[in-house]
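Let me begin by presenting the structure, written as structure tokens, before commenting on it.
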Amino acid sequence: MDSYDLLEKVKGNELVNKKYEPLFNYFMEFSDTAFRVVADDYVTDDSGTGIVHCAPAFGEEDYRVCIGNQILTKENLIVSVDDDGCFIEKITDFSGRYVKDADKDIIEAVKAKGRLVKSGSFMHSYPFCWRSDTPLIYRAVPSWFIRVEEIKEQLLENNKQTYWVPDYVKEKRFHNWLENARDWAVSRSRFWGTPLPVWMSDDGEEVIVMDSIAKLEKLSGVKVFDLHRHNIDHITIPSSRGPEFGVLRRVEDVFDCWFESGSMPYAYIHYPFENVELFEKNFPGHFVAEGLDQTRGWFYTLMVLSTALFGKPAFRNLICNGLVLAEDGKKMSKSLKNYPSPMEVIDDYGADALRLYLINSPVVRAETLRFKKEGVFSVVKDVFLPWYNAYRFLVQNAKRLEVEGLAPFTPIDAATLQKSSNVLDQWINSATQSLVHFVHQEMNAYRLYTVVPYLLKFLDNLTNIYVRFNRKRLKGRTGEEDCRTALSTLYNVLLISCKVMAPFTPFFSEGLYQNMRRVCTGSEESIHYCSFPQVEGERNERIEQSVARMMTIIDLARNIRERHNKPLKSPLREMIVVHPDVDFLDDIAGKLKEYVLEELNVRSLIPCNDTLKYASLRAEPEFSVLGKRLGKSMGAVAKEVKAMSQIDILEFEKAGEVTIASHCLKLSDIKVVREFKCPDGLTDREVDAAGDGDVLVILDLRLDESLLEAGVAREVVNRIQKLRKKTGLEPTDAVEVYFESLDEDKSISQQVLNSQELYIRDAIGSPLLSSTFMPPHAVILGEESFHDISKLSFTIYLARPALVFKSDAILSLYGGNTKSVHGLETYLLSRDHSNLKSEFQLGDGKITVDAIEGLPAVNVVLGEHVFLTVGDSVLSTKGGR
């Protein structure tokens, strides 16, 4: 219409119950109840006119509204489209036409009647068949139903008896779905599927539901071998009313496949025909898991059928997963190819990495995940590499024992290891038991998503605390017995962690286990045959907390160094740790002290429990915690908290709570801030501090000559370690290290090397030798020159261990015959160095050489006639220093 006359403005509710003239007159027989305006809240005014036409046979909401307003009943529902999607004969103007093909003709017919206000096209969402990509229509069809509405209250009660992760899916999404449950249409008009076991007479008066094959065979007289449609549809049953009423035939429909899925708990063991005791002992099932979309699918059908049949829920525990989407946030689609191939991800990073990535994602909390291949790589980098590096470090140092001619590594039993006096052994043993306890606790609660973060922290602690701080022990520099204790502790921790993680990382855990079991007699053939670890012995919570605080101290001290551009290679004179807990200070200043000082490169550590000596205190309310709880009282409480005196704060920390404005506040409700007070006469460039609200760390940043020399020594050690790596040496590869100064004034570097000799020898595992000691037969593996390193220039040489001969002593073996001496030296130099070393060890430092043609047998004594390394020779001349 080009124009219109405005007669009146009315509200929508004023039109309710008004009759209107239909566009077409096909169903005028329903005019007493139909063709009137009704209202419902599913209609909105943000799209279209706010007025919709209801077709009760072609939409769920349309059907609900029309039935609810008595426009139609379920019994006289009109379906104007046939099974082929074409209009029925009653639609005379368009009879036999496919509904989508008739759109234009319908518009023309409305226009011809002068009833068309506007015609146009609108882009909107519409369902399409995912197989054929053709448009679908909703259409009411005759179905068989389960009366779900009659058992709704029992469904809600059974839902309360179940435990869900996450619980909000149960309490909200699933509860709401059950509360609005409708009768369930369980039949489908298809060929393939489980046939409905219903036989019906032609007049519909006689219906028999088969509850067993035996019943069907008895009533039909036919032997049944297969329950598929094409094997039973021909079977008929004589009417119980007499021959004149004909026979009963099976209805054509099959079950909705969700009916079969919902029957899983009993159908899979053929209950009630078999396994009655097995079923009754294990029902409801202990655990099920599926996606969030199954709240209206499998979870629902499980609950409906078990409630109807047994009056119980089908499961006790449920994990609800979210949906895995493509990286762009869309559904993964084969046609769009918007996701990487799963096999490609597994080939690149392994199935275990993919599994951990998913377990550690929002998916296990019923949230969506945008899948990123890079996320799987991060799991490899953050979990598997540190884990493998700790394992590799164990293997390398266990092998080193044999290389050095010692007894092969055999792990010490766990009970003995629990008695270790080493604080880090005690800590890692306790932390391992805490890991076992935590995994048990979380798995019992079906919280998969908490395990990986905890494991990440555990592995980080294992590699960056235990292995890093124990390198000397693990490398044997503190004695063989201590080394074996440390290696056994690491072995035990890795073994337990592998067993704990076997359900999550079955392949990686198995790979490590297969090598580790070789040194442990009586072990299971596979890690998956092992019992899951149980918590053994007491967990030492105090030492776990002290080590955690130690790492906080180290992080705070590093922050101070970074602020002042003081690298870790530069030693500092002193650090002060301020904390009110005397037990913690005893640990830090006692058994943990050496680790703190070494890691931070600080000479001394001073504990202080006087929290006001170096800091002023102030209190701040934790708004994020208190805001919701206190509401309007928040302002008044915050004001009083901020006004707390230092004495008030100390008393609050001691008591653990304080009452302010009638509200009891705990330690988690108030943040205590410690602000550093610089000592008199010093500036913050000379002394600085950092704290986290719990502990305060103070560093003396002033340098002296001895500290500068120690810093230079660290730089030299750092260059040696980098050259080892660059040369491709393994940690177990023995080399001798030579130093050559390139400076004109060599006294400066010599002074540093002399003053720091013990530190350097301890750090690199052997003496740092002057290049002047390098014998002509030395084999150099790598060398590199460095310039302007702490104002020094030098060259480092890495060489294979070389024999050093005491020619005068050897000369006496052969009565002064220099040719014989040369023959012996040539022979010894031709021998494999490690084999020669082993022979000396087996002979208590002495071997007999009788294999040189033309020379008599002689006894060669280590240290008297020969040294195995230049370092041994140099140290002997210095008195064994």
Scanning region 559-576 for residues that are of a type in the set (Lys, Arg) and either under 13 Å from residue 598 (Cα atoms) or touching a helix residue (DSSP H, G or I) at 6+ places or on another chain (Cβ under 6 Å) (or both), the one least open to solvent (accessible area, probe 1.4 Å) turns out to be 569
With criteria (1) free of Cβ contacts under 8 Å to residues at least 40 places away in the same chain; (2) not in a loop (DSSP other than H, G, I, E, B), residue 52 comes up short on (2)
If we keep only residues of region 414-437 that are at pLDDT 90 or above and of a type in the set (Gly, Ala, Ser), then the residue surrounded by the most Cβ atoms within 10 Å (Cβ to Cβ) is 431
Considering region 107-134, residues that are open to solvent by less than 60 Å² (accessible area, probe 1.4 Å) and hydrophobic (A, V, I, L, M, F, W, C), and then whichever is farthest from residue 24 (Cα to Cα), we arrive at 129
Just wondering, is there one or more residues in region 167-181 that are more than 30 Å from residue 442 (Cα to Cα) and open to solvent by 40 Å² or more (accessible area, probe 1.4 Å)? yes
Query raised in the report: Does region 97-106 contain any residue that is in a strand (DSSP E or B) and open to solvent by 70 Å² or more (accessible area, probe 1.4 Å)?
Result: yes
*Test: residue in region 338-356 that is open to solvent by less than 20 Å² (accessible area, probe 1.4 Å), in a loop (DSSP other than H, G, I, E, B), of a type outside the set (Lys, Arg) and touching a Leu at 6+ places or on another chain (Cβ under 9 Å)*: no
Those residues of region 741-796 that are over 27 Å from residue 867 (Cβ atoms) and outside any helix (DSSP H, G or I) come to a total of 13
Out of (1) under 40 Å from the mean Cα position of the chain (by Cα); (2) of a type outside the set (Gly, Ala, Ser); (3) open to solvent by 40 Å² or more (accessible area, probe 1.4 Å), the one residue 245 does not meet is (1)
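Residues are listed down the side, and each one gets a yes or a no for (1) over 55 Å from the mean Cα position of the chain (by Cα); (2) in contact (Cβ under 8 Å) with a residue 40 or more places away in the chain:
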position	(1), (2)
92	yes, yes
95	yes, no
105	yes, no
142	no, no
153	no, no
172	no, no
Residue set 94, 87, 24, 35; condition at positive phi, touching a helix residue (DSSP H, G or I) at 6+ places or on another chain (Cβ under 9 Å) and not polar (S, T, N, Q); output residue 35
Taking first residues from region 611-630 that are open to solvent by less than 40 Å² (accessible area, probe 1.4 Å) and second residues anywhere that are of a type in the set (Gly, Ala, Ser) and part of a strand (DSSP E or B), the pairs with Cβ under 9 Å that are 6 or more apart or on different chains are 614/689; 615/689; 615/691
Being modelled with pLDDT of 85 or more and either of a type in the set (Ser, Thr, Tyr) or open to solvent by 70 Å² or more (accessible area, probe 1.4 Å) (or both) narrows 44, 33 down to just 33
Condition set part of a helix (DSSP H, G or I) and of a type in the set (A, V, I, L, M, F, W, C), scope region 1-30, selection least open to solvent (accessible area, probe 1.4 Å): answer is 30
Filter region 524-558 for residues that are open to solvent by 50 Å² or more (accessible area, probe 1.4 Å) and of a type in the set (Ser, Thr, Tyr); the one that is nearest to residue 466 (Cα to Cα) is 531
Scanning region 135-150 for residues that are farther than 22 Å from residue 87 by Cα and either out of contact with any helix residue (DSSP H, G or I) (no Cβ under 8 Å at 6 or more places or on another chain) or hydroxyl-bearing (Ser, Thr, Tyr) (or both), the one most open to solvent (accessible area, probe 1.4 Å) turns out to be 147
Note: among 643, 636, just one is surrounded by fewer than 14 Cβ atoms within 10 Å (Cβ to Cβ), out of contact with any Asp or Glu (no Cβ under 8 Å at 6 or more places or on another chain) and more than 30 Å from residue 709 (Cα to Cα), namely 643
Filtering region 797-814 for residues that are part of a strand (DSSP E or B) and open to solvent by 60 Å² or more (accessible area, probe 1.4 Å) leaves a count of 0
Inside region 723-748, the number of residues satisfying the requirement of being in contact (Cβ under 8 Å) with a residue 24 or more places away in the chain, open to solvent by less than 80 Å² (accessible area, probe 1.4 Å) and not polar (S, T, N, Q) is 13
Residue set 406, 385, 455; condition out of contact with any strand residue (DSSP E or B) (no Cβ under 8 Å at 6 or more places or on another chain), open to solvent by less than 40 Å² (accessible area, probe 1.4 Å) and either part of a helix (DSSP H, G or I) or not hydroxyl-bearing (Ser, Thr, Tyr) (or both); output residue 455
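Yes/no matrix, rows are residues, columns are (1) open to solvent by 10 Å² or more (accessible area, probe 1.4 Å); (2) modelled with pLDDT of 90 or more:
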| residue | (1), (2) |
| --- | --- |
| 439 | no, yes |
| 445 | yes, no |
| 459 | no, no |
| 471 | yes, no |
| 487 | no, yes |
| 506 | yes, yes |
Per the list (1) farther than 20 Å from residue 780 by Cβ; (2) part of a loop (DSSP other than H, G, I, E, B), residue check on residue 729 breaks on (1)
The residue from 585, 617 that alone is aliphatic (A, V, I, L, M) and in contact with a Lys or Arg (Cβ under 7 Å, 6 or more places away or on another chain) is 617
Going by what's in this entry, would residue 604 be described as surrounded by fewer than 20 Cβ atoms within 10 Å (Cβ to Cβ) and under 26 Å from residue 551 (Cβ atoms)? yes
Among residues of region 357-382 being more than 9 Å from the chain's Cα centre (by Cα) and of a type in the set (Phe, Trp, Tyr), the residue least open to solvent (accessible area, probe 1.4 Å) is 371
Among residues of region 654-695 being of a type in the set (Lys, Arg) and within 26 Å of residue 625 (Cα to Cα), the residue surrounded by the most Cβ atoms within 10 Å (Cβ to Cβ) is 674
Among (1) closer than 18 Å to residue 110 by Cα; (2) touching a strand residue (DSSP E or B) at 6+ places or on another chain (Cβ under 7 Å), residue 18 falls short only on (1)
Residue set 198, 251, 222; condition free of Cβ contacts under 8 Å to residues at least 40 places away in the same chain, surrounded by 12 or more Cβ atoms within 10 Å (Cβ to Cβ) and either over 23 Å from residue 304 (Cα atoms) or touching a strand residue (DSSP E or B) at 6+ places or on another chain (Cβ under 6 Å) (or both); output residue 222
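The values are calculated or read from the model by the stated rules, or taken from the named source; none is laboratory data. Since this is a predicted model, take the numbers as computed values, not measurements. Neighbour counts run over all protein chains shown; Cβ positions are idealised from the backbone, glycine included. Each accessible area value is taken on the protein alone, full model and side chains, heavy atoms only, with ligands, DNA and RNA left out. Shrake-Rupley method; radii C 1.70, N 1.55, O 1.52, S 1.80 Å.
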